[in-house]
Amino acid sequence: MKVLYDVRYRFAAGYDPETGRYYRTNMRNILGEDSGRDPFMASFPHMLEIGVTGSCAGGMGELHLKSGPRYASEGEVGREEHMALEDFAGLVQQCAGRTFQFALGGSGDPDQHE
């Protein structure tokens with residue numbers, strides 16, 4: 001279990017990469033006592049979606065045609081370059097120890113691209 005302590009908003013969050021379980025504690029007051037309030041936000045996102053694909057040779061895909069767009073910009077077929085591996089690695093390095101997961105996104109299905 002990986003645990004992050006948010007000093008600014010006074011709560012803890014944990015994630016177990018084996019099971020996918022995630023938890024967040026209530027906020028603590030300045031004495032460290034449970035305030036009974038859910039944390040509204042965190043100092044840094046616990047999950048980041050990173051758009052790694054800029055174009056999709058296969059069009060919008062079968063899932064998109066059946067279910068409609070999941071995000072506001074998903075209906076637009078991009079014609080941009082894919083993210084360079086070095087840029088992705090730099091983002092991961094900057095987030096080390098501050099986030100639990102990355103979701104890969106972009107134009108089309110990221111695991112169907114080179």
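Observations on the model:
- Amide H to amide H, with H built 1.01 Å from N, SER55 comes under 5 Å of GLU80, SER107, counting only residues 5 or more places away or on other chains.
- Rel. contact order, % - alpha carbon contacts under 8 angstrom, at least six apart, the stretch 12-52: 24
- The distance between label points at PHE88 and ARG24 comes to 2.7 nm (points 7 Å beyond Cα on the Cα→Cβ vector).
Taken together, the values in this text are just the output of simple stated rules run on the coordinates, not laboratory data. Here the structure is a predicted model, which means the values were calculated and not measured. Cβ: placed from backbone, ideal geometry, glycine included. Neighbour counts: every protein chain shown.
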